[in-house]
Every structure is written in C-alpha cells, then in structure tokens.
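Let me begin by presenting the structure, written as structure tokens, before commenting on it.
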Amino acid sequence: MKTLILYFSMSGYTERVAERIRNGILEKTGHCDLMAMADADIRSIAEYDLVGLGCPVYYYKEPFNVSDFIEGLPHLKDKHWFVFCTHGSVMGTTLVSMSEKLKKKGVVVVGHFHVYADATAPFFPYPVPTSGHPDPLEYEQAEDFGRDIIERSERIAQGEVNLIPSTDPVPEQWVQLAGMLTREALSQMFPPLRFDLEKCTSCHECEDACPAGGIDVEADPPRIQSPCIYCYQCPMICPALAIDADWDTVDSSFGDSLFAMYLQELEQAEARGEFRRYVDPSTIDLQDSQLMQRRRKLEGHEEEK
C-alpha cells in the first residue's frame, strides 16, 4: 500500500504527531512518505492508496490554508484519506469540517485522530491548560492509530464499509463560533499588523515562516497580512520586534468567560479519561500573553548587551 502523510505545523507538534503516525504505518507497510502540506505536488496525490492530512486547530476549525488546499484538490474518486489534528482546550469542528470537504472531492475518509497540544494563539496567556501535551501516551496512541489505519483501509477496500467511521457531534457553541470566525470577521476583529521600519533588519524570517505567503519586507511599503490566516506567528518570531499591533483591543475581546468555557471542556474530557492535567489553571496569569513574555525576554536581552 502506497501511503502519504501531509501536515501543516506551526509549533512543531502536528509534525511530531505525523511522524509518530508514520512510524505505526511503517511497521505495517514498510513505506510511508511524509512531507509538509506546502511541499505537496497535488498532481501526484492520486498515485497514493492512502493519504493522511493533519493540522493544528485555528479558530475552532482547520486553518484557512488547509481548507484552501483541500478545495484545490482534484476529484479523487474513492481514494482513502484520514485526518488528524492537534489542539488546545477545544477541537471545535476541525475533523468534521476537513472530512466533509474531502468527501466533496470523492474521498472516503477512513479515520480521524486528535491530541491535545501545548500551543495557543500568541495573544493568549502561556502556559495554557494543555501545556505538557502531547504526552508520551498520546504519542503512543498516534503510533497505534498508524498501525490501525492501514488495516482499516485494507478492510474497507475489500468491502467492509461498516468500518468507515463517523465523526463525533460537535457542541453547537463551537459550531457557531467556527462559522462566525471567517477571514472577513477576523480581519475586523483583530488589529492590523504593522511594520516598524526603523527596527526591521530585512532578515526575512517573517517571510519565510508565513504559511500564507502574505509578507514582503522589500515592497514599498512592506506588505503584510495579504493574504493572512491569522496565526500571528510573525510578531512572535521577529528578532527585532519590528512587527506589532494594538493588542489591547484583543485583550478586551477575550476574557475570563472564554477561559472558563475552555476549562469546562477540559474538566469534562478529564472525567471521561481523555485528558491528563499537568498545569494548575489557577497558576495561569490571564493577562500575560506569549507576545508579552517574548517582548520582555527580548527587551531584557537587549538591556543585558
């Protein structure tokens, strides 16, 4: 069986989960290609018997570049795919959304997998309630999934269509939020990013890291967020702190109520035995975002020089 795993990963967790799934597949087949989604040749995807596609969760669904990738696929009649994701407190509609989009391309979605991850939006506090994940057990589960998905795909191909899984229902509140947070809505909700030309050193790190190809530091004026998937990694990685925004407006939009909803979801998952807690939520400073922490660290480093 010729297999391929594609992934989009910003913090590295989805890539590592993809590697573990690949390990499980290799035990069964001895072959599995692994590559970043951005490097995939869409024309050759139909050559594979089984394809996996994984990503982190952004705004309660798959990132916009992932949905664009699926929309750009050719018709893949009866080809077997599986989907997986890494996420913080809430997975949202991600697996359902990816599966439905793939089905419209003629794909048979033969499996789903997800794990918690130590990741959050840069303007959210850190650590997060899911810090410490994926943990060793989840990585083992990823390898188990890889072994299982091969057998399941083979049996479905032989006619055991009852093995085609359905996705779990998604709570309505997350369905609504996923539907509301469109590209247009996010562009209005979040402050626009801006370049500080006096600080910018034209190192191009932000360009290289942008998954949407939305940055050009050499343009006049520099281009940023055109297009954008609202991952906000560029201000996180800029070594000169040359990319910034009015983050106070974000702080006023996300408060204690949303954090409480996340904790409730995790408490329910913990009660079901699906989540292991490594961080005491009472120790998390809701006003201390990753961006603020990084700024303090870099500015402190500058002072030490």
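Derivation of every value follows stated rules applied to the coordinates shown; laboratory data play no part. These numbers come from a predicted model, not from an experiment. In this analysis, Cβ positions are derived from the backbone assuming ideal geometry, glycine residues included, and neighbour counts consider all displayed protein chains.
Observations
- Hull volume per residue, based on the alpha-carbon atoms of region 54-113 and their convex hull, is 60 Å³.
- Ellipticity estimate at 222 nm from DSSP helix runs (n ≥ 4, -39,500 (n - 2.57)) divided over the chain, nearest 500: -12000 deg cm²/dmol
- Each residue of region 63-68 was assigned a 3J(HN,Hα) from its phi angle through the Karplus curve 6.51 cos²θ - 1.76 cosθ + 1.60 (θ = phi - 60°); the sequence is x, 4, 5, 6, 5, 5 Hz, with glycine and proline shown as x.
- 3J(HN,Hα) couplings calculated from phi for region 273-278 with the Karplus curve 6.51 cos²θ - 1.76 cosθ + 1.60 (θ = phi - 60°) are, in sequence order, x, 9, 9, 10, 8, 10 Hz; Gly and Pro show x.
- Helix 13-29 and the longest principal axis of the Cα set of the chain meet at an angle near 20°.
- Cβ crowding within 10 Å averaged over residues, with 48-54, 183-189 ranked highest first: 48-54, 183-189
- With the simple model of a label 7 Å out from the Cα in the direction of the Cβ, residue 237 to residue 164 spans 3.8 nm.
- Across all directions, the shadow cast by the convex hull of region 173-304 built on its C-alpha atoms averages 10.5 square nanometres.
- Residues with amide H under 5 Å from that of residue 289, placed H, sequence gap 5 or more: none
- When only alpha carbons are used to place a centre, region 103-121 and region 192-238 end up 28 Å from one another.
- Relative contact order (%) - criterion: Cα under 8 Å, at least six apart; region: the chain: 18
- Whole-percent pair-distance distribution, where bins are 10 Å wide, for the alpha carbons of region 101-220: 9, 21, 30, 25, 12, 3, 0
- Against the chain, whose longest principal axis comes from its Cα atoms, helix 94-103 is set at around 50 degrees.
- Sorted peptide list for 216-228, 145-157, criterion being average Cβ within 10 angstrom, highest first: 145-157, 216-228
- The order of the peptides 138-144, 196-202, 20-26, 171-177 by mean Cβ neighbours within 10 Å, most packed first, is 20-26, 138-144, 171-177, 196-202.
- Our summary of shape: the Cα atoms of region 59-155 have principal axis extents of 44, 29, 15 Å, ordered from largest down, in whole angstrom.
- Fewest-first ranking of 114, 75, using other Cβ atoms within 10 Å as the exposure measure: 75, 114
- Gain upon complete extension [residue 204, residue 267; 0.36 nm per residue less C-alpha separation]: 18.5 nm
- With respect to the chain, whose longest principal axis is taken over its alpha-carbon atoms, helix 290-304 is tilted by about 50°.
- Working note: Debye formula, equal point scatterers on the alpha-carbon atoms of region 3-168, no solvent; log10 I(q)/I(0) at q = 0.08 Å⁻¹ is -0.21.
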